[in-house]
1. Please list, ordered by first then second residue, the pairs with beta carbon atoms under 6 Å, 6 or more apart or interchain, first in the range 42-61 and in the same structural domain as residue 14 (by TED's automatic domain parsing) and crowded, with 22+ Cβ neighbours inside 10 Å, second of a type in the set (D, E, K, R) and in a loop (DSSP other than H, G, I, E, B).
2. Could you list, in sequence order, all residues of the range 154-179 that are among the hydrophobic types (A, V, I, L, M, F, W, C) and surrounded by 18 or more Cβ atoms within 10 Å (Cβ to Cβ)?
3. Please verify whether residue 123 is surrounded by fewer than 16 Cβ atoms within 10 Å (Cβ to Cβ) and of a type in the set (S, T, N, Q), treating the condition exactly as stated.
4. Just give me the residues in the range 143-153 being part of a loop (DSSP other than H, G, I, E, B) and surrounded by fewer than 17 Cβ atoms within 10 Å (Cβ to Cβ), in sequence order.
5. Given the conditions (1) surrounded by fewer than 19 Cβ atoms within 10 Å (Cβ to Cβ); (2) part of a loop (DSSP other than H, G, I, E, B); (3) among the acidic types (Asp, Glu), which single one is not true for residue 132?
6. Select from the range 218-232 the residues that are closer than 15 Å to residue 15 by Cβ and of a type outside the set (Asp, Glu) and list them in ascending order.
7. Which residue pairs have Cβ atoms closer than 7 Å, lie 6 or more positions apart in sequence or on different chains, and pair a first residue in the range 153-175 that is more than 16 Å from residue 136 (Cα to Cα) with a second residue that is in a helix (DSSP H, G or I) and modelled with pLDDT of 95 or more?
Amino acid sequence: MSEKEATADRAYVDVRGVSFAYAAAAPVFDALSMSIPRGRLVSLLGPNGSGKTTLLRILLRLLKPSAGEVCLAGIRLEEYPVGALARRVAYVPQETPAILPFTVIETVLMGRSPHTGALGFETAADWHAAREALRLTDTEQFSERSLEELSGGERQRVIIARALAQEPELVLLDEPTAFLDIKHQHAIYRLLRRLVAGRNMTVLCVSHDLNLAATYSDEAILICRGRVAATGLPVDVLRPDVLEQAYETPVQVRLDEVTGRPFVLPRPADE
């Protein structure tokens, strides 16, 4: 076994028995456990209200579980200094409104803030990282334009570029393709695949699109009712019995004749 394969088999993100509830509300998680190896694209699936975004916020240390622990690269999350965690983990929200008139390059350079120190002056290395992030996301041509001038798909690629400028090991994305057309949806996922393959990044992507997840993911994790309902290869997770119990709706699952990957279709309830 190669060193890369051995590293991939170890848990890079390790969630152990995590419980969490918002004040005066029913628990979101009850002893949730899951693990993600290094260098994989993993889709986090589940019905509305299952806690997918909450889990991302726990991994970002914005929320603290009432029980259990989260380890990143074998170290408990709370042991990381703020700056060290920011250099390892980047976050891409579901949608980023262009409220302030920043240019694209200014926006991407914000991703270097964990590296620039207290004074916040960019070095040649910071500019190089920002330019490289623009190149990877095919947004170099927008560098001097304002975010306000970009389409939703273009803006989302810029926000991913900002995350890449951090040079993270782990990228967390919350439904990054929710408001995009099919062309831009696949463009985003192809980019994520390139990052995993070329940079050995670990990517955890929340998605409601089961078929995009099936097409591009190395693994899938389905959470429901505070626990992991299924985890593994997409073909093992996206099964009718598993999905119908989690989503409470009838589905049919077929295999693509070319890729062998599953795709999910709704099934009328009266069939």
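The values are calculated or read from the model by the stated rules, or taken from the named source; none is laboratory data. Quick caveat, the model's predicted, so the values are computed rather than measured. Note that each Cβ is placed from the backbone with ideal geometry, even for glycine, and that neighbours are counted across all protein chains shown.
1. Close Cβ pairs (under 6 Å, with a partner that is of a type in the set (D, E, K, R) and in a loop (DSSP other than H, G, I, E, B)) do not exist here.
2. Step one: filter the range 154-179 for residues among the hydrophobic types (A, V, I, L, M, F, W, C), giving 158-161, 163-165, 170-173, 178-179.
Passing the criteria: 158, 159, 160, 161, 163, 164, 165, 170, 171, 172, 173.
3. Details: surrounded by fewer than 16 Cβ atoms within 10 Å (Cβ to Cβ): yes; of a type in the set (S, T, N, Q): yes.
Taking the combined requirement at face value, the residue satisfies it.
4. 144, 145, 151
5. (2)
6. We begin by selecting, within the range 218-232, every residue closer than 15 Å to residue 15 by Cβ; these are 219, 221-223, 226-229, 231.
Matches in the range 218-232: 221, 222, 223, 226, 227, 228, 229, 231.
7. Between residues of the range 153-175 that are more than 16 Å from residue 136 (Cα to Cα) and residues that are in a helix (DSSP H, G or I) and modelled with pLDDT of 95 or more, the close pairs are 172/56; 172/59; 174/56.
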